[in-house]
Amino acid sequence: MEPMARLCPEIVTLPVEGEGAALLIECRGESEEALHAAIGDVCSALGGTGIPFTSAAGFTPEAFRHDPKDSGVFWDARKVRAHSSHVCEPRVSLE
């Protein structure tokens with residue numbers, strides 16, 4: 001839980017019981033500009049949905065992580081069944 005709590009500090013404040021969901025999004029681009037455009041498209045699409053979130057970054061480009069170590073934490077977390085989860089910073093990569 002420590003790596004996830006470092007990346008998503010709000011996770012420790014969530015109730016143990018109740019419903020929740022996590023959203024993990026991977027964006028790729030053949031260039032820095034293409035990657036940022038893909039991230040922008042995702043943020044625009046999610047921003048108008050009304051989906052609630054607990055991440056302080058919300059549906060903004062700042063929510064996307066670029067460090068492979070951080071990305072690995074999120075991808076590993078999807079393998080673990082938790083009592084509750086939340087929308088948190090998605091994964092991105094530049095190809």
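The values are calculated or read from the model by the stated rules, or taken from the named source; none is laboratory data. It should be emphasised that the depicted structure is a prediction, and the values quoted were computed from it without experimental measurement. Every residue, glycine among them, receives a Cβ derived from its backbone with ideal geometry; neighbour counts consider all protein chains shown.
Taken together, the criteria exclude residue 5 from residues that are at pLDDT 85 or above and either crowded, with 16+ Cβ neighbours inside 10 Å or assigned to a helix (DSSP H, G or I) (or both).
Out of 49, 13, 54, one residue alone is touching an Asp or Glu at 6+ places or on another chain (Cβ under 6 Å) and either modelled with pLDDT under 75 or not small (Gly, Ala, Ser) (or both). It is 54.
Being out of contact with any His (no Cβ under 8 Å at 6 or more places or on another chain), part of a loop (DSSP other than H, G, I, E, B) and closer than 23 Å to residue 9 by Cα is the filter here; which residues of region 23-54 pass it? Those that are out of contact with any His (no Cβ under 8 Å at 6 or more places or on another chain), part of a loop (DSSP other than H, G, I, E, B) and closer than 23 Å to residue 9 by Cα: 23, 24, 25, 50, 51, 52. Annotation for region 19-42: at least one member residue is over 16 Å from the mean Cα position of the chain (by Cα), modelled with pLDDT under 75 and either surrounded by fewer than 14 Cβ atoms within 10 Å (Cβ to Cβ) or more than 16 Å from residue 74 (Cβ to Cβ) (or both). Residue 45 meets each of the listed conditions (1) more than 20 Å from residue 75 (Cβ to Cβ); (2) hydrophobic (A, V, I, L, M, F, W, C); (3) under 15 Å from the mean Cα position of the chain (by Cα); (4) surrounded by 12 or more Cβ atoms within 10 Å (Cβ to Cβ) apart from (4).
Contact annotation: residue pairs with Cβ atoms under 9 Å, 6 or more positions apart or on different chains, pairing a residue in region 29-45 that is farther than 14 Å from residue 63 by Cα with a partner that is in a helix (DSSP H, G or I), are 29/35; 29/36; 29/37; 29/38; 29/39.
Within the span defined as region 70-91, one or more residues are touching a strand residue (DSSP E or B) at 6+ places or on another chain (Cβ under 8 Å), at pLDDT 80 or above and more than 14 Å from residue 5 (Cβ to Cβ).
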